[in-house]
Amino acid sequence: MIYEASSIAVGLFVFFVLCVLGLSAYFARKTQSADAYFAAGGKIHWAVNGIAFAGDYLSAASFLGICGMIAMVGYDGFLYSIGYLGGWIVALFVVAEPLKKLGKYTFTDALDAKFNSKSIQLTAAISTLVVSLCYLIPQMVGAGALVTPLLGLPHYVGVLMVGSIVIFIVATAGMASTTYVQFLKGTLLIIFSAILVVLVLNKGLSLKPSADYHDFQSMKAQVVSGQVIAVDNNNYKIVGQKNTAKNHFVKLEKNGINTWWNLTTNKNQETVLQEALSTTKSADGNKLYNGKAKADKAFYQVGHMAEIVDNGKKVEKTGPVGPFKFLSIFTKSKVTRFTKAIFVDGKNKVTVWRQTITSGSEVMRPGLKFKVDKGSTVMSKLNFVSLMLALFFGTAALPHILIRYYTVPSAKCARKSTIVAISAIGFFYILTLFLGLGAMAGGVLDLGSSNMAAPLLAKSFGLILFAIISAIAFATVLGTVSGLIVAASGAIAHDLMDSLFKIKMTDAQKVKAGKISAIVVGIIAIILGILFKGMNVSYLVGWAFAVAASANLPAILMLLFWKKTTSRGIAASIVVGMTSALTIILLSPSMFERYGFDPATAPIALDNPGIISIPLSFLTLIIISWLTPHKRAKDILRV
Amino acid sequence: MEKKKNKLDEKAKLGLVLFGIYSLIYATFVIINTLWPKLMGKIIFAGLNLAVIYGFFLIIAAIVMGLIYNQMCLKIEEKK
């Protein structure tokens with residue numbers, strides 16, 4: 001669809017950026033020591049730190065990605081919310097306090113606290129950089145993708161803009177300014193998401209979500225031997241048909257415009273052609289939307305209820321409803337989803353989204369995305385378990401999250417701030433279910449970009465809310481990228497230059513090294529963000545979780561709870577966890593599909609590596625520690 | 001003395017117990033989703049199915065267990 005730049009959105013974004021830059025300049029004067037730069041002097045209040053945790057953690061993947069996924073596949077998208085939140089339990093009950101006690105600036109500090117081992121310093125720093133980069137790329141690509149539709153600027157301008165602002169935030173005042181940017185963003189995100197949910201519930205559900213919602217057409221069709229030979233509408237001419245494994249699509253021409261229709265049966269069991277949405281990409285790169293140029297705005301927004309059942313009766317609309325009533329009605333009703341099919345028509349690549357009426361009970365339970373029900377195999381179920389495992393164990397091993405434990409004064413504050421974070425993030429994740437379902441049935445979906453579900457849902461309630469939510473979406477990227485750059489610059493300046501290579505630096509020089517590292521990492525992030533333009537890189541966030549869960553968490557847990565853990569055991573487990581997770585991902589069916597090969601020929605049938613790489617990393621640590629018993633971690637959590 | 005040294009810190013022990021409880025609840029959720037996905041569609045209460053109730057429960061349980069953990073840790077810290 002076509003997006004028009006909103007001057008209010010631009011104004012709000014500029015206002016937010018000015019606030020952020022002013023804040024950074026204010027804190028710059030106070031950031032003179034390494035402690036102030038890498039850990040905000042350890043003086044952040046636990047409540048502020050808790051919300052900053054939420055601001056750091058709720059990245060574009062959470063806000064835009066999860067809402068969009070729920071809008072397209074229902075409950076399966078919400079499973080990400082549950083998994084991401086569950087991971088915080090590991091952080092709170094197992095990691096928070098000990099990590100605060102052991103470390104100084106980085107996650108490597110904590111791992112190496114009892115050993116002073118070169119191998120731990122090197123492997124943990126590399127792991128931090130790999131995880132941070134996997135996380136950075138989708139954020140930067142997301143920044144460009146947001147700027148293009150909302151501000152009317154090219155992708156590279158968006159990436160450059162976000163990259164430059166973030167470099168300024170981090171290079172001026174490091175963790176202090178980053179903390180307050182994340183605090184602001186976390187607060188705004190939660191408040192305005194809650195407002196949006198209230199508006200969704202107040203609107204309720206309706207068969208026609210808005211007065212100008214597209215009126216879908218259908219016409220009777222005559223079929224002989226699987227081919228449509230006539231339609232019950234003289235205005236249309238049959239010009240082509242494409243049969244895929246599951247569906248029959250017919251190309252009709254009217255007034256020189258070609259559109260695609262799906263062959264199906266209606267509720268009276270008559271054979272009909274049903275209007276679908278389509279994009280057609282020609283060999284010369286020209287793209288048509290429902291047969292017309294992009295500027296003609298023919299690619300309308302969709303998503304509506306097919307049948308609403310309230311108190312056992314079919315109704316046209318519900319009116320305002322409470323949160324439980326909303327979910328209950330949704331479960332008993334039917335919704336029209338739009339499922340995608342891709343095929344080649346002559347020299348053109350065609351993507352068709354056909355109407356698929358799905359019962360609410362199917363939408364509200366697992367199975368539409370994850371193959372655990374219809375058409376499932378042992379491997380598809382293992383894939384699902386593996387993903388849920390990585391989400392659960394990944395959070396507490398993400399370096400940019402772990403460094404936030406050093407910004408508070410004590411272990412007690414680290415614990416309290418984690419509880420604030422869990423409450424804020426948990427509340428937000430509950431909201432995602434209502435936002436996603438509201439978008440699914442609210443006639444707001446842009447089928448070309450499911451990530452825009454939440455901002456477009458806001459737009460259906462007015463331009464001001466849309467502008468605010470869009471500005472928050474930008475802020476979401478700023479907050480998370482700042483945290484990632486602080487983590488990566490810490491790994492370079494503190495773990496590698498200071499600890500590993502023992503480069504002699506004064507406190508001021510350490511700050512300078514941190515700032516230069518932040519600028520370098522920021523520039524690399526900008527370049528990668530531009531290079532990866534147009535690629536769906538959301539899977540990289542999954543990589544980050546899988547690598548973090550496999551490389552970092554076994555090392556942290558065993559260091560804390562197994563006194564026979566040795567430095568070589570830790571280093572080996574990081575290397576094995578990281579390489580095995582990355583190898584499985586690179587040889588997985590979904591990656592083979594991206595390489596252009598047949599996914600069935602992939603040597604490893606798993607897409608999510610956690611179920612293999614996490615136990616492998618634990619096993620490596622145990623075996624190597626048994627074989628190298630000379631330097632053990634002792635008495636870390638013992639009295 | 002040696003025996004005392006080998007005892008895990010009281011707060012760490014408490015954290016491990018609560019982590020074990022939550023892990024069990026989470027694992028059960030994943031197992032039901034994997035093996036009996038249709039069971040998750042069963043209406044349990046107020047028109048809500050098991051999937052929604054269990055999902056919300058996991059999120060709210062994390063918050064409640066966090067608060068309980070904090071209270072118990074505060075008591076342990078006061079004792080010291």
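FYI, it's all coordinate maths here, none of it is from the lab. Owing to the predicted nature of the structure, the values given are computational and were not obtained by experimental measurement. Cβ atoms come from the backbone with ideal geometry, glycine included; neighbour counts cover every protein chain shown.
Tabulated results
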| quantity | calculated |
| --- | --- |
| Label-point separation in nm, A:Val239 to A:Lys297, each point 7 Å along Cα→Cβ | 2.4 nm |
| Extension gain, A:Ser164 back to A:Thr628 (0.36 nm per residue minus Cα-Cα distance, nm) | 162.4 nm |
| Length-normalised contact order for chain A - Cα pairs under 8 Å, 6+ apart - percent | 27 percent |
| Per-residue Cβ neighbour rank within 10 angstrom, fewest leading, A:Trp46, A:Trp543, A:Trp562 | A:Trp562, A:Trp46, A:Trp543 |
| Directionally averaged shadow of the stretch A:449-545, computed from the convex hull of its alpha-carbon atoms, nm² | 8.4 nm² |
| Unit charges at the beta carbon, dipole of the protein assembly as shown: most positive-side option, A:Ile229, A:Thr566, A:Gly144 | A:Thr566 |
| Intensity falloff of the protein assembly as shown expressed as log10 I(q)/I(0), Debye formula with alpha-carbon point scatterers, at q = 0.07, 0.08 Å⁻¹ | -0.49, -0.64 |
| Cα-based helix-to-principal-axis angle, A:378-394 vs chain A, degrees rounded to 10 | 40 degrees |
| Rounded to the nearest 20 debye, dipole of the protein assembly as shown from Cβ charges on Lys, Arg, Asp, Glu | 1500 debye |
| Degrees between helix A:7-28 axis and first principal axis of chain A (Cα, 0 to 90, nearest 10) | 0 degrees |
| R0 of 25 Å, Cβ-Cβ distance A:Lys317-B:Phe45: FRET efficiency to nearest 0.05 | 0.50 |
| Ascending count of other beta-carbon atoms within 10 Å, so fewest first, for A:Thr128, A:Thr31 | A:Thr31, A:Thr128 |
| Scattering curve values for the stretch A:41-174, log₁₀ I(q)/I(0), Debye with Cα scatterers, q = 0.12, 0.13, 0.22 Å⁻¹ | -0.69, -0.81, -1.41 |
| Dipole of chain A [Lys/Arg +1, Asp/Glu -1 at C-beta], most positive-end residue of A:Phe592, A:Val444, A:Ile523 | A:Ile523 |
| Helical mean residue ellipticity (222 nm; -39500 (n - 2.57) per DSSP H run of 4+; nearest 500) of chain A | -18000 deg cm²/dmol |
| Estimated distance in nm for a label pair at B:Ile31 and A:Lys512, the labels positioned 7 Å out from Cα along Cα-to-Cβ | 6.0 nm |
| Footprinting exposure proxy for A:Arg29, A:Arg415 (fewest neighbouring C-beta atoms within 10 Å first) | A:Arg29, A:Arg415 |
| Span per principal axis, largest first, for the Cα atoms of the stretch A:218-363 (Å) | 50, 36, 29 |
| Estimated translational D of the stretch B:8-79 in µm²/s (Stokes, Kirkwood radius over Cα pairs; 25 °C; 0.890 mPa s) | 177 µm²/s |
| Relative pair counts by distance (%), Cα atoms of the stretch A:217-295, 10 Å bins | 18, 50, 26, 6, 0 |
| Average beta-carbon neighbours from other chains, 10 Å sphere, peptide A:365-373 | 5 |
| Estimated distance in nm for a label pair at A:Ser410 and B:Ile68, the labels positioned 7 Å out from Cα along Cα-to-Cβ | 2.5 nm |
| Helix axis angle, A:567-586 relative to chain A longest principal axis, alpha carbon, degrees | 20 degrees |
| Using alpha carbons only: equivalent-ellipsoid semi-axes of the stretch A:491-577, gyration tensor based, whole Å | 28, 25, 8 |
| At R0 = 22 Å, FRET efficiency that the Cβ-Cβ distance of B:Phe57 and A:Ala194 yields, to 0.05 | 0.60 |
| Per-residue mean of C-beta atoms belonging to partner chains within 10 Å, peptide A:92-99 | 5 |
